[in-house]
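Trainee: Input: one structure, supplied below.
The values are calculated or read from the model by the stated rules, or taken from the named source; none is laboratory data. In this text the structure is predicted, and so the values were computed from the model without any measurement. In this analysis, Cβ positions are derived from the backbone assuming ideal geometry, glycine residues included, and neighbour counts consider all displayed protein chains.
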Amino acid sequence: MGGVELAPGVTVPEQALSFTFTTSTGPGGQNVNKRATRCVLRIALADLPLHPEAVERLRHAAGHRVTDAGDLVISGGRERTQERNRDDCLARLRELLVAAMVRPKTRRRTRPTRGSKERRLSSKKRRGEIKRSRRSPE
């Protein structure tokens with residue numbers, strides 16, 4: 001059974017990847033008008049063997065490229081040939097997956113240092129003195 005390795009530990013069967021080719025814009029001369037070189041890669045997020053948290057991170061990172069049906073759509077038309085555009089789409093999918101698999105570090109709460117508290121209070125005191133000096137004498 002042939003599969004495509006998209007990221008370390010993430011292999012997807014080739015049937016899960018859907019490639020369609022359309023006419024492209026950009027470099028290529030008359031070839032652009034005659035050949036379908038632009039590649040559109042479509043894969044269902046449910047077909048990816050990822051942890052649910054990683055799928056959510058991928059959905060967030062992909063943004064508008066995820067359809068309402070839960071498909072991730074990546075298009076590539078930068079290159080002049082179908083094969084290169086197909087490889088470009090796969091490379092961009094790999095980048096998204098690798099980024100989504102990294103769990104963000106949890107934030108540790110820190111307390112302000114004594115020096116920062118003192119600086120904040122002294123600047124507030126200075127500001128108050130300036131405002132007090134603007135008052136008219138009574």
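Trainee: Have a look at Ala100, Ala91 and point out the one that is under 29 Å from Val4 (Cα atoms), free of Cβ contacts under 8 Å to residues at least 24 places away in the same chain and either assigned to a helix (DSSP H, G or I) or β-branched (Val, Ile, Thr) (or both).
Mentor: So the residue among Ala100, Ala91 that is under 29 Å from Val4 (Cα atoms), free of Cβ contacts under 8 Å to residues at least 24 places away in the same chain and either assigned to a helix (DSSP H, G or I) or β-branched (Val, Ile, Thr) (or both) is Ala91.
Trainee: Pull up the stretch 1-23, narrow it to residues that are under 24 Å from the mean Cα position of the chain (by Cα) and assigned to a loop (DSSP other than H, G, I, E, B), then point me to the one that is modelled with the highest pLDDT.
Mentor: Here the answer is Leu17.
Trainee: In this structure, is Arg92 surrounded by 13 or more Cβ atoms within 10 Å (Cβ to Cβ) and either in contact with a His (Cβ under 8 Å, 6 or more places away or on another chain) or modelled with pLDDT under 90 (or both)? If you could, list the steps in order and put the result at the bottom.
Mentor: Numbers: surrounded by 13 or more Cβ atoms within 10 Å (Cβ to Cβ): yes; either in contact with a His (Cβ under 8 Å, 6 or more places away or on another chain) or modelled with pLDDT under 90 (or both): no.
Judged against the criteria, Arg92 is not a match.
Trainee: Does Arg108 fit the bill of being under 32 Å from the mean Cα position of the chain (by Cα) and not β-branched (Val, Ile, Thr)? Full working, then the answer.
Mentor: On the way: under 32 Å from the mean Cα position of the chain (by Cα): yes; not β-branched (Val, Ile, Thr): yes.
In short, yes.
Trainee: On to the next question. From the list Asn33, Asn85, pick out the single residue that is in contact (Cβ under 8 Å) with a residue 40 or more places away in the chain, in a helix (DSSP H, G or I), more than 15 Å from the chain's Cα centre (by Cα) and more than 14 Å from Leu6 (Cβ to Cβ).
Mentor: Values: Asn33 fails: in contact (Cβ under 8 Å) with a residue 40 or more places away in the chain.
Among Asn33, Asn85, only Asn85 is in contact (Cβ under 8 Å) with a residue 40 or more places away in the chain, in a helix (DSSP H, G or I), more than 15 Å from the chain's Cα centre (by Cα) and more than 14 Å from Leu6 (Cβ to Cβ).
Trainee: Just to be sure before I move on: is Arg59 touching a residue at least 12 places away in the same chain (Cβ under 8 Å) and closer than 30 Å to Pro8 by Cα in the structure I sent? First the steps, then the outcome.
Mentor: Working: touching a residue at least 12 places away in the same chain (Cβ under 8 Å): yes; closer than 30 Å to Pro8 by Cα: yes.
Yes; evaluated as a whole, the condition is true for this residue.
Trainee: In the stretch 24-43, how many residues are loosely packed, with under 15 Cβ neighbours inside 10 Å and at pLDDT 85 or above?
Mentor: Taking the stretch 24-43 as the starting set, the residues that turn out to be loosely packed, with under 15 Cβ neighbours inside 10 Å are 25-27, 29-31, 33-34, 36.
In the following step, the residues that additionally are at pLDDT 85 or above were identified as 36.
Total satisfying the criteria: 1.
Trainee: Just checking, does the stretch 52-62 include any residue being surrounded by 10 or more Cβ atoms within 10 Å (Cβ to Cβ) and in a loop (DSSP other than H, G, I, E, B)? Steps first, answer last, please.
Mentor: Step one: filter the stretch 52-62 for residues surrounded by 10 or more Cβ atoms within 10 Å (Cβ to Cβ), giving 53-62.
In the following step, the residues that additionally are in a loop (DSSP other than H, G, I, E, B) were identified as none.
Checking the stretch 52-62: not a single residue is surrounded by 10 or more Cβ atoms within 10 Å (Cβ to Cβ) and in a loop (DSSP other than H, G, I, E, B).
Trainee: Looking at Ala44, is it within 18 Å of Gly3 (Cβ to Cβ) and in contact with a helix residue (DSSP H, G or I) (Cβ under 9 Å, 6 or more places away or on another chain)? Break it down stepwise before answering.
Mentor: On the way: within 18 Å of Gly3 (Cβ to Cβ): yes; in contact with a helix residue (DSSP H, G or I) (Cβ under 9 Å, 6 or more places away or on another chain): yes.
So Ala44 passes the test.
Trainee: If you don't mind, another one. For the list (1) modelled with pLDDT of 90 or more; (2) closer than 20 Å to Pro8 by Cα, I need the number of the one condition that Arg132 fails.
Mentor: All conditions are met except number (2).
Trainee: Looking at the stretch 103-123 only, could you name the residues that are in a helix (DSSP H, G or I) and surrounded by 10 or more Cβ atoms within 10 Å (Cβ to Cβ)?
Mentor: Step one: list which residues in the stretch 103-123 are in a helix (DSSP H, G or I), which gives 114-123.
Result: Ser116, Lys117, Glu118, Arg119, Arg120, Leu121, Ser122, Ser123.
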